[in-house]
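Accompanying notes for the structure given below.
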Amino acid sequence: MSTPRILERFTRAAAWLALGAALLPLGGCAVAALPCRLTSATLKIIPVVGHAAASPFDMCSSAID
C-alpha cells in the first residue's frame, strides 16, 4: 500500500471515531432528534423565511424529546 492510501484510511477512521465520540454523550432520544435539530438549524440561517420553514422541524424534535 502506498502512503497516501494509508493516510486516507487513517483519516477516515479518525473521522468516524470523532463522530462516535461526539454522539456518545447524547441520550437515545437526543440521537433520534438530531436530524430534526440539524435541519432546523440549517433552515434558520435563511433570511426572512428561515424560522417559518424550520418550525415543523422544531416540533419534530420536541415531539421526539
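Please report the net charge: other residues with Cβ closer than 12 Å to the Cβ of ALA54, K and R +1, D and E -1.
+1
Would you mind working out the magnitude of the charge dipole of the chain relative to its Cα centre, with +1 at each Lys and Arg C-beta and -1 at each Asp and Glu C-beta, to the nearest 20 Debye?
Here the size comes out at about 280 debye.
Per residue of the range 39-53, in order, report the coupling 6.51 cos²θ - 1.76 cosθ + 1.60 (Karplus, θ = phi - 60°) as ³J(HN,Hα) in whole Hz, putting x for Gly and Pro.
Working through the residues one at a time gives 5, 4, 5, 5, 5, 5, 6, 5, x, 6, 9, x, 5, 5, 6 Hz.
What number, rounded to the nearest 500 deg cm²/dmol, is the helix-based mean residue ellipticity at 222 nm of the chain, given -39500 (n - 2.57) per DSSP H run of at least four residues and division by all its residues?
Rounded to the nearest 500, the figure is -27000 deg cm²/dmol.
Please rank CYS36, CYS60, fewest neighbouring Cβ atoms within 10 Å first, as an exposure proxy.
CYS60, CYS36
Over the chain, what portion of Cα pair distances is larger than 12 Å, expressed as a whole percent?
Result: 73 percent of Cα pairs exceed 12 Å.
Can you tell me how much longer the chain between ILE46 and ALA18 gets when fully stretched, taken as 0.36 nm per residue apart minus their C-alpha distance, in nm with one decimal?
Taking 0.36 nm per residue and subtracting the Cα distance, the gain is 7.2 nm.
Readers should treat all values here as calculations from the given coordinates under stated rules, not as data from a laboratory. Everything numeric here is computed off the predicted structure, so don't read it as measured data. Every residue, glycine as well, gets a Cβ built from its backbone with ideal geometry; the counts of neighbours run over all protein chains shown.
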